[in-house]
Amino acid sequence: MAKSLQYKIRRLHRYLGLVLGIQFLLWTIGGIYFSWSNMDEIHGDVHRKQMPLLSGNYNFISPVTVIQNLKNLHPVDSIHDLKLIELLGKPYYQVHYTGSAQSNTDHQHPEKARIQLADALTGALRGSLKQTEAVEIARRVFNSPAKIKYVRLLSETSSHHEYRESPLPAYAVSFEHPSKTTVYVSTELGTIQKLRNEKWRIFDFLWMMHTMDYNGRDNFGNLLLRLFSVFGLFTILSGFVLFYMSSGSVRKLKKRVN
């Protein structure tokens, strides 16, 4: 009876170990990569040039003038945020606002979050970034004289894209560099959103394996991870039981007690 129970537990332990072994290996490899990596390299900070701050000697125009200029062109319901940014060496206001519908066809979506760039010296409104401007912005921030490999305009991204859940549309400016860095520039915000390199892509893949969230990467409460955690606990417990049942020291101790 004891041998039969031990045999069943041993088989359970063996198959659980086989199923969980690959995932445990991936967790270990990921943990080693995470702990041995320089996060500044992962985030691309080592390739990011520190841009000079805007001078305090500018005669900035009042944001009220900018908002009034905006109202003259578009309906403005509310202002969510207003930032002063640097765009190709010049100061600009970045206005985040909600605009109401402008026609009867928009009655199903009466409000929409919008972004408007305006010259912080003249108040003049400007449109989205052009490709040449996005490339120039990327060149200015990337601290290497590398050549441009390609430029792509992104209007949508999948849940696995390295620019997922980030402001769109955006230009992806990729450089011919050992780091394989791509700089992402938002056309509406007028600013760089992310730098992605090969080390980050490895990190992202291992992080997906680590969390077992194969859609969004960051859901630690997904069902698959919970199941593997429970199976892992059963594997450890079955190992303890097997040690107890097969240990010669335990058998000797039982004989002494009896």
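Would you mind telling me which numbered condition in (1) touching an Asp or Glu at 6+ places or on another chain (Cβ under 9 Å); (2) in a helix (DSSP H, G or I) GLU162 fails?
(2)
So which residues in region 123-139 are open to solvent by 70 Å² or more (accessible area, probe 1.4 Å) and part of a helix (DSSP H, G or I), if there are any at all?
Hits for region 123-139 are GLN131, THR132, GLU136, ARG139.
Before we move on, is GLU165 loosely packed, with under 14 Cβ neighbours inside 10 Å, among the acidic types (Asp, Glu) and within 17 Å of the chain's Cα centre (by Cα)?
Spelling it out, GLU165 is indeed loosely packed, with under 14 Cβ neighbours inside 10 Å, among the acidic types (Asp, Glu) and within 17 Å of the chain's Cα centre (by Cα).
What residue, among those in region 71-123 that are among the β-branched types (Val, Ile, Thr) and either modelled with pLDDT under 95 or in contact with a strand residue (DSSP E or B) (Cβ under 7 Å, 6 or more places away or on another chain) (or both), is nearest to GLN50 (Cα to Cα)?
ILE85
How about region 190-225: which of its residues are part of a loop (DSSP other than H, G, I, E, B) and either within 19 Å of SER158 (Cα to Cα) or small (Gly, Ala, Ser) (or both)? Write out each step before concluding.
The first filter runs over region 190-225 and keeps only residues part of a loop (DSSP other than H, G, I, E, B), leaving 190-191, 197, 212-222.
Selection gives GLY190, ASN197, MET212, ASP213, TYR214, ASN215, GLY216, ARG217, ASP218, ASN219, GLY221.
Identify the residue in region 70-89 that is open to solvent by less than 50 Å² (accessible area, probe 1.4 Å) and not in a strand (DSSP E or B) and, among all such residues, is nearest to ARG126 (Cα to Cα).
Among those that are open to solvent by less than 50 Å² (accessible area, probe 1.4 Å) and not in a strand (DSSP E or B), it is LEU70.
Every residue, every condition in (1) open to solvent by less than 30 Å² (accessible area, probe 1.4 Å); (2) modelled with pLDDT of 80 or more, yes or no:
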{"residue": "LEU195", "(1), (2)": "yes, yes"}
{"residue": "ARG201", "(1), (2)": "no, yes"}
{"residue": "MET209", "(1), (2)": "yes, yes"}
{"residue": "ASP218", "(1), (2)": "no, yes"}
{"residue": "ASN222", "(1), (2)": "yes, yes"}
{"residue": "PHE228", "(1), (2)": "no, yes"}
{"residue": "PHE231", "(1), (2)": "no, no"}
{"residue": "ILE236", "(1), (2)": "no, no"}
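Among the residues that make up region 112-122, is at least one of them under 30 Å from PRO178 (Cα atoms), of a type in the set (Lys, Arg), touching a residue at least 12 places away in the same chain (Cβ under 8 Å) and open to solvent by 40 Å² or more (accessible area, probe 1.4 Å)? Reasoning before the result, please.
Of all residues in region 112-122, those under 30 Å from PRO178 (Cα atoms) come to none.
No.
The values are calculated or read from the model by the stated rules, or taken from the named source; none is laboratory data. In this text the structure is predicted, and so the values were computed from the model without any measurement. Cβ coordinates were reconstructed from backbone atoms using ideal geometry, including for glycine residues, and neighbour counts include every protein chain displayed. Side chains included, ligands, DNA and RNA excluded: accessible areas come from the protein's heavy atoms. Shrake-Rupley method; radii C 1.70, N 1.55, O 1.52, S 1.80 Å.
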